[in-house]
Amino acid sequence: TRDWSSDVCSSDLKALTILESMAVSADASDMEVLNEQILDQVMPVAMARYDSTGDQHYDVISAFIKSIRGSDPDAAIHYLARMLVGGEDPRFIARRLTILASEDIGLADPNAITLANSVMEVVSKIGMPEGRIPLAQATIYLALAPKSNSAYLAINAAVTDVEAGFSPQIPLYLRSQPIEAGSEGYIYPHDLDSGFSTQQIGRAHV
């Protein structure tokens with residue numbers, strides 16, 4: 001177990017995952033010493049299925065994200081395993097899970113981003129191989145969670161409007177300066193019995 005510092009490179013991560021594969025293979029064969037024979041057995045598997053610096057880096061992470069978005073936990077776990085065995089940086093995977101938790105799940109399950117953020121922090125602290133477990137937990141949770149991209153669509157639409165020049169004047173009652181005499185004042189929702197104000201706010205006012 002170790003902390004992942006910012007200077008850990010992909011070769012370090014691949015070496016650790018290969019070492020883990022050797023340990024698993026040795027344990028399954030009741031061998032107490034790691035040797036070149038075991039290395040020869042696990043190396044082709046680890047190296048052939050995933051290249052963390054090549055095209056598969058993009059293809060597998062794409063398949064991983066789309067499997068979670070499509071609510072297929074079995075496929076998502078498979079692609080997670082391919083990345084981990086191939087030496088992908090687990091922090092990269094955790095960051096992508098956190099983005100997905102907001103982009104694709106969002107308001108359908110607001111707890112998703114909290115879980116993903118916690119897993120990102122845990123993985124950065126405990127490293128591999130233990131980090132595979134919270135990554136798997138987050139992957140399964142997000143795959144099974146209800147999906148909504150409403151927040152993603154909302155901010156994209158608002159940014160597009162602003163970039164296109166939509167910038168109406170802010171109503172007087174929403175500004176920080178004192179309201180002029182005779183002007184409509186801001187209605188404080190908490191002063192109302194219903195706790196809900198029907199006063200026009202922002203874009204709806206324009």
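Overview of results
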{"read-out": "Number of positions in the stretch 74-105 that are open to solvent by 50 Å² or more (accessible area, probe 1.4 Å) and β-branched (Val, Ile, Thr)", "value": "3"}
{"read-out": "Residue, surrounded by the fewest Cβ atoms within 10 Å (Cβ to Cβ), within the stretch 138-150, restricted to residues that are assigned to a helix (DSSP H, G or I) and aliphatic (A, V, I, L, M)", "value": "Leu144"}
{"read-out": "Members of the stretch 62-93 that are farther than 22 Å from Val42 by Cβ and either of a type in the set (D, E, K, R) or outside any helix (DSSP H, G or I) (or both)", "value": "Lys66, Arg69, Gly70, Ser71, Asp72, Asp74, Arg91"}
{"read-out": "Any hit, the stretch 119-137, residues being assigned to a helix (DSSP H, G or I), of a type in the set (D, E, K, R), closer than 18 Å to Ile68 by Cβ and open to solvent by 60 Å² or more (accessible area, probe 1.4 Å)", "value": "yes"}
{"read-out": "Scan of the stretch 119-158 for residues that are free of Cβ contacts under 8 Å to residues at least 24 places away in the same chain and over 15 Å from the mean Cα position of the chain (by Cα), ordered by number", "value": "Ile133, Leu153, Ala154, Ile155, Asn156, Ala157, Ala158"}
{"read-out": "Leu153 being surrounded by fewer than 13 Cβ atoms within 10 Å (Cβ to Cβ) and part of a helix (DSSP H, G or I)", "value": "yes"}
{"read-out": "Residue in the stretch 131-143 that is closer than 20 Å to Ile93 by Cβ and either at pLDDT below 85 or in contact with a Gly (Cβ under 9 Å, 6 or more places away or on another chain) (or both) present", "value": "yes"}
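The values are calculated or read from the model by the stated rules, or taken from the named source; none is laboratory data. Everything numeric in this text was worked out from a predicted model, so none of it was measured. Using ideal geometry, Cβ is built from the backbone for each residue, glycine included, and neighbour counts are taken over all protein chains shown. Heavy atoms of the whole protein, side chains included, go into the accessibility calculation; ligands, DNA and RNA do not. Shrake-Rupley method; radii C 1.70, N 1.55, O 1.52, S 1.80 Å.
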